[in-house]
Structures are given as structure tokens and as C-alpha cells.
Amino acid sequence: MYSILEHPAGGYKKIFESCDELAEPIPAHVSGKIPAWLTGSLLRVGPGLFEIGDEPFYHIFDGQALIHKFDLKDGHVTYYRRFIRTDAYVRAMTEKRIVITEFGTAAYPDPCKNIFSRFFTYFQGIEVTDNCLVNIYPIGEDFYACTETNYITKVDPDTLETIKKVDLCNYLSVNGVTAHPHTEPDGTVYNIGNCFGKNMSLAYNIVKIPPPQDDKSDPIEKSKVLVQFPSSERFKPSYVHSFGMTENYFVFVETPVKINLLKFLTSWSIRGTNYMDCFESNDKMGTWFHLATKNPGEYIDHKFRTSAFNLFHHINCYEDQGFIVVDLCTWKGHDFVYNYLYLANVRQNWEEVKKAAMSAPQPEVRRYVLPLDIHREEQGKNLVSLPYTTATAVMCSDGNVWLEPEVLFSGPRQAFEFPQINYKKYCGKNYTFAYGLGLNHFIPDRICKLNVKSKETWIWQEPDAYPSEPLFVQSPDAKDEDDGVLMSIVVKPGVTQRPAFLLILNATDLTEIARAEVDVMIPVTLHGMYKP
């Protein structure tokens, strides 16, 4: 699964350039044959505007949210995109400057205001961004684009119109939630976000949003906190991008990448601090695993510890014979990976990109196994008895259970990231296949499939082609776990005509089924969903 391609031409720079939205859907040129049953919409979000006038955004997670849609019907495909009308976007377009601070870019007061107005603007407090460029997911009958703050934005999946902004703080005790909720078959949504717990210390709440209501009321209004996890540090919560869920448990991995809340609250409006400025690493804590039951929601006070790593995406986790198996896309060490995702870094020439990646944390797909039955008298003994894994869990004299992983995939500066599975059938269950976007020194240049049992790998790759996260769609007559297709947006900047396309692969062997090419560039997208 290692990338054998180099990118000296630097075509990847094009996926980090601004584009215009479209006035109406445009037809795609289809080659191959799209399965007749594949009728629906691929929805994706990501940054689409990387500067406002003369003011640039600095981080990959700063560009203004652009929603993309490929519609498939009767073998025909159209492509459409629109900027989401968030407050961050509308105000920036109106004032022709960056008005709201983004992840790695600080906003400053209007230079046209007098010195007294500017002084008071600094002390108005934190204005949290609603730039929902990370993901889109359903709640009840509605669809929401999101980032990682307390704001989500309701959008129309057909017209891509922005409907309304929703502040989750009006319904839940959270400071924000992740862009990776879990959804049960009935439509129940679970998510996690940090909050103030007992004695004003930080904690993490699992929240539950009920399924569509018979009376057509908004499920968000009936949201509730289900269970709370404690924080390893009282005033410094860990950065949380995703969490795990099995049939009966929640899995929360607390990493050493911390948010300095004091800096966030005090320095922000005085010195033009951005989100990235408020992150720091605790080089002594390592990584903690936490468990809670789902029904009822109760915290399990087992102390699982391991060495330090960054974590953004869970692949899957499941219960087996008294153990919880947790598969993760990790990055070794406590150095924050997002430090390497400034636009200046990913827009460099290829040799410089590779050089920067050499000092970044090393990616690795890992499997951890957590025993539910802790034998405190068996110090020094491996508590994991599953026959198919080399992962271990050892009781230490201080009462902690030390975890060591089984490595499912590792390659030098080669990441298996943005993972997907056959979610509808295998989320929280024993599974075999994971699909991912291959990052070659942080550059997305291949689509991958990993057999987590045999560690066999498959790849799709073309020269000067830059794909996005592959989404799995199951065939209607599926018998096997991988009966279905993968859908990914691919950009080929070196092509003069139709430089971007929707790629449809056979999920079994990653052979191409069809592609739908469009005559516009498409910038990088982060996450999304398929709507039948």
C-alpha cells in the first residue's frame, strides 16, 4: 500500500486554491457504466475560499465552507456546488475582510474604525466560528453541515441552500461537538464534546439526539446528555475529533494534545489569538482510554493507559468474548499533527513537502484491545486472550492497565486516513474491511482498502491524481461485507479538459467501474455522505 508515485510537478497545490460556486448544476461526461441501482447524491464539504480580498487564510481548516453535490440518476451525473451562507462567510463577503477568527487565522477589528471602537471590539469576547467545512450528516429528516464548534448549519441537500444556523449550547451542556457523530439504524445520533463538569473542572459529555419524531418536531430540541467522562487535566481538555461506539459501549480516547483553556479565554480577544495558538502537548500523560455503557449511560472506572499518540479518526470498534477491540488511525507521539497542515506547508514544492513530513509524527493503523473483566491480582500478565491479535493489556502495580497495540498497517510517511467501513451493517461489530484515503507525506494520492484480519491491502492510484475520502455504498443485493462501491472525488490538475471527476470503484478489488468528469477544478474536500 506504499505510494510509489512522486509529485515533482506539484499538482496537489491546485486542490488548495479558491474556486467559484456554480449558478446551476453542470452535466458530467460519464465513461464506464454506473450501476443502475446507484441513484442518489454524493454530498461533500470542504474549504473553497482560501482568501478574502487581500487577506489570506493560513490553515487548511480555515477556508470558507463549500458544499459539493454529484447527482446520479439513470446513468447520468450532474455536479453542483455552493458556498454555505454561514455568518463567517456572509460577513466576510460584506466587509471584504476576515471578520471571524478561524482555526489558524486570527481576525482583527475593522481598520476603518477609530481607536476607541477598535479597543472595545478587542474586549467583546470570543466570537466562535460557524464555518462548517468538515462534515455533513442527517438529524431526523434534516441535514446539517458542521465543524467542531457549538454551531451546526441546516442545509437543503437538493438545492444546497443554507437554511439556518443552530447553536447546540441552547439544548446541551457542551462547548462544541465533533464532526463525526455516530448514527444508529433508527436515526438516533450520538456525539461527544467537552463541557464543564463537577467543581468547574473540564469533562466530556456523550450526547444523544433522538430519531425522527412522529409529531414532526425537531429532534435537537429533545437532545440530552447521556454520560460524562472525566478529564485528565482540570482546565485543559484534550482535542477530540471522533469517538468509538460498539453495540453496548462508548469508547473515548483522550490524547496528550490539549486545549489551554486559560489562553483561550484570556488571550484570544486581546492579542488576536486563533484556535491553533491555544493547543499544547502534555508530554508526560501518554494516552488514556475511557469506557462507558450505553444503556444506561454509566462511566466505567477502569484506567487504561498507553504511550502518546495523536488521534483523529476511529475506524471501528466492537465487542468480542469480554473484550473491546478498538481500531484507530494513529500518529505517534504528542506533537500535534495539525501543526504540519498550514497552507504554506502543503503548497510547497514536492521536495520541501517531503522534508517537512520527515519531522512530523509517523502514521500507523493500530488495534488496541480493552478487557472488560480486570483481574487486579494478575499483575504483569497479559489479560488479552483473543487468539487473533497480538495486542496486549497488562495490569500494573499502580492499578493502571497498560495497553500495547497490534499494528495493522505502517509505512514510512504513508498514512491510511479518513477511514470508512460498511457502516450500516458493521458499525460496532466484528468486521473485516476498512477503506481509506492514502496520504503520501500528507498529500492525498491514492485510495486504499485494508483487510484488518489478514493485513492484505489494495490500492487505486493514477499519476498526478488527488482523490478524496472514499465513501462505501452497499449493493442492494449484497451478500458479502465488501459487496458495493466506493465513491471519491478525484482531481487531476495537469489535465487541460475535465480536470476533476467522480470516481466509482468496485469495493471488492478497487477496479474502476465508472468516472463522471466535469470541466471545473474541485478543491480539497474533507468529509461527506451518500444520500440515496
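The values are calculated or read from the model by the stated rules, or taken from the named source; none is laboratory data. If you're wondering where the values come from, they're calculated on a predicted model, not measured in any experiment. With ideal geometry, Cβ positions are generated from the backbone for all residues, glycine too; neighbour counts draw on all protein chains shown. With ligands, DNA and RNA removed, areas are computed over all heavy atoms of the protein, side chains included. Shrake-Rupley method; radii C 1.70, N 1.55, O 1.52, S 1.80 Å.
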Residue-normalised accessible area of the chain, given per residue in Å² at a 1.4 Å probe: 41 Å²
If you roll a 1.4 Å probe over segment 11-531 with all protein chains in place, what percent of the accessible area is carbon or sulfur? 50 percent
State, to one decimal in nm, how far the label point of TRP37 lies from the label point of MET358, with both points 7 Å from Cα in the Cβ direction. 5.0 nm
Measuring from label point to label point, each 7 Å out along Cα→Cβ, what is the LYS429 to ASP167 span in nm? 4.2 nm
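Which FRET efficiency, nearest 0.05, do THR496 and GLU127 yield, Cβ-Cβ r, R0 51 Å?
So, using R0 = 51 Å, E works out to roughly 0.75.
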Among residues other than TYR171 whose Cβ falls under 11 Å from its Cβ, what is the net charge (Lys/Arg +1, Asp/Glu -1)? -1
How about segment 429-532: which GluC sites (Glu not before Pro) there lie in a loop by DSSP and see at most 13 other Cβ atoms within 10 Å? GLU456
Show which lysines lie in cross-link reach of LYS258 when reach means a straight Cα distance below 16 angstrom and same-chain residues fewer than eight apart are skipped. LYS236, LYS284, LYS332
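ILE4 to ILE300: extension gain in nm, 0.36 nm per residue of separation minus the Cα-Cα distance?
Once the chain is fully extended between ILE4 and ILE300, it gains 102.1 nm.
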Between segment 1-38 and segment 389-414, what is the separation of their alpha carbon centroids in Å? 38 Å
LYS13 accessible area, nearest 10 Å², 1.4 Å probe? 60 Å²
Identify the residues of segment 397-434 with backbone N under 19 Å of a label point that sits 7 angstrom from the Cα of LYS381 along the Cα-to-Cβ direction, or state none. 397-404
As a check on your grasp of the helix formula, calculate [θ] at 222 nm for the chain: sum -39500 (n - 2.57) over DSSP H runs of n ≥ 4, divide by the residue count, round to the nearest 500. -2000 deg cm²/dmol
Dipole magnitude of the chain about its Cα centre (Cβ charges: Lys, Arg +1; Asp, Glu -1), debye to nearest 20: 780 debye
Ranked by how many other beta carbons lie within 10 Å on average, peptides 133-142, 326-335, 392-401 from highest: 326-335, 133-142, 392-401
Per the C-alpha gyration tensor (a ≥ b ≥ c, the square roots of its eigenvalues), segment 358-492 is rounded if a/c is under 1.5, else prolate if a/b beats b/c, else oblate; here it's oblate
Exactly which GluC sites (Glu not before Pro) in segment 222-325 are in a DSSP loop and have at most 13 other Cβ atoms within 10 Å? GLU247
